[in-house]
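The values are calculated or read from the model by the stated rules, or taken from the named source; none is laboratory data. Remember, it's a predicted structure, so these values are computed and weren't measured experimentally. Ideal geometry is used to build each Cβ from the backbone, glycine not excepted, and the neighbour counts take in all protein chains shown.
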Amino acid sequence: MGVAKARSTISCKIIVSLLYFGNHYPLGYRYPVATKYKYMSRIKQAEAYPANATEVCKKSLNAIRDAMYVMGGKWKLPIIIALLEGGPQRFKELQRSVQGITPKVLSKELKELELNEFVTRTVYDSMPVAVEYKATTYSRSLDKVILEMKEWGEQHRKRIMSKNKLKKA
């Protein structure tokens, strides 16, 4: 079995375990599952997997890949958050809101966000031409994702910082 195939198989097992057991451990670990047993053995785990686990896994991986494609990168979420919090903004205002982004990258990211219906671009016929960007109602569908990522990021930062303090002491 090739390395890529092995990684894909492991990923599928992790995703199926998330869907059916509510955790992120690969097969072979003890899963906390609400059954008459406190923990399921490896054999019980294998029996608990549905017959269509591979199909479910492939669909789940595709959905995750789609989400990562749309939201991947360093700048997309900060742009969406800036538009959600700050309301409609012109290009320069948005560039100031998202610190560190270059005009070229901002332009590219805005085009991709517009294609994926997270941002609308309105051109006003004035001199000079004014362009305003606004978050769509569809971008509100990311509220839960953004909140979960924020909470996880805070938790992760705390964990890493506490480990660094222990190393220094």
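Looking at Val145, is it within 20 Å of Glu85 (Cβ to Cβ) and either at pLDDT 90 or above or touching a helix residue (DSSP H, G or I) at 6+ places or on another chain (Cβ under 9 Å) (or both)? The answer is yes for Val145.
Scanning the stretch 57-89 for residues that are among the charged types (D, E, K, R) and surrounded by 12 or more Cβ atoms within 10 Å (Cβ to Cβ) returns Lys58, Lys59, Lys76.
Only a single item in (1) surrounded by 16 or more Cβ atoms within 10 Å (Cβ to Cβ); (2) modelled with pLDDT of 55 or more; (3) farther than 30 Å from Arg140 by Cα is not met by Gln45, and it is number (2). Per the listing Arg90, Arg121, the residue uniquely in contact with a helix residue (DSSP H, G or I) (Cβ under 8 Å, 6 or more places away or on another chain), among the charged types (D, E, K, R) and in contact (Cβ under 8 Å) with a residue 12 or more places away in the chain is Arg121. The set of residues in the stretch 115-161 being within 19 Å of Leu77 (Cα to Cα), among the charged types (D, E, K, R) and part of a helix (DSSP H, G or I) consists of Arg140, Asp143, Lys144, Glu148, Lys150, Glu151, Glu154, Arg157.
Checking each residue in the stretch 88-101 for being farther than 14 Å from Val131 by Cα and under 23 Å from the mean Cα position of the chain (by Cα) picks out Ser97, Val98, Gln99, Gly100, Ile101.
Answer yes or no as to whether Tyr133 is loosely packed, with under 13 Cβ neighbours inside 10 Å and without any contact (Cβ under 8 Å) to a residue 60 or more places away in the chain. No; evaluated as a whole, the condition is false for this residue.
Taking the stretch 51-83 as the range and being under 19 Å from Val145 (Cα atoms), assigned to a helix (DSSP H, G or I) and modelled with pLDDT under 90 as the test, the residues that pass are Ser60, Leu61, Asn62, Ala63, Ile64, Arg65, Asp66, Ala67, Met68, Tyr69, Val70, Met71.
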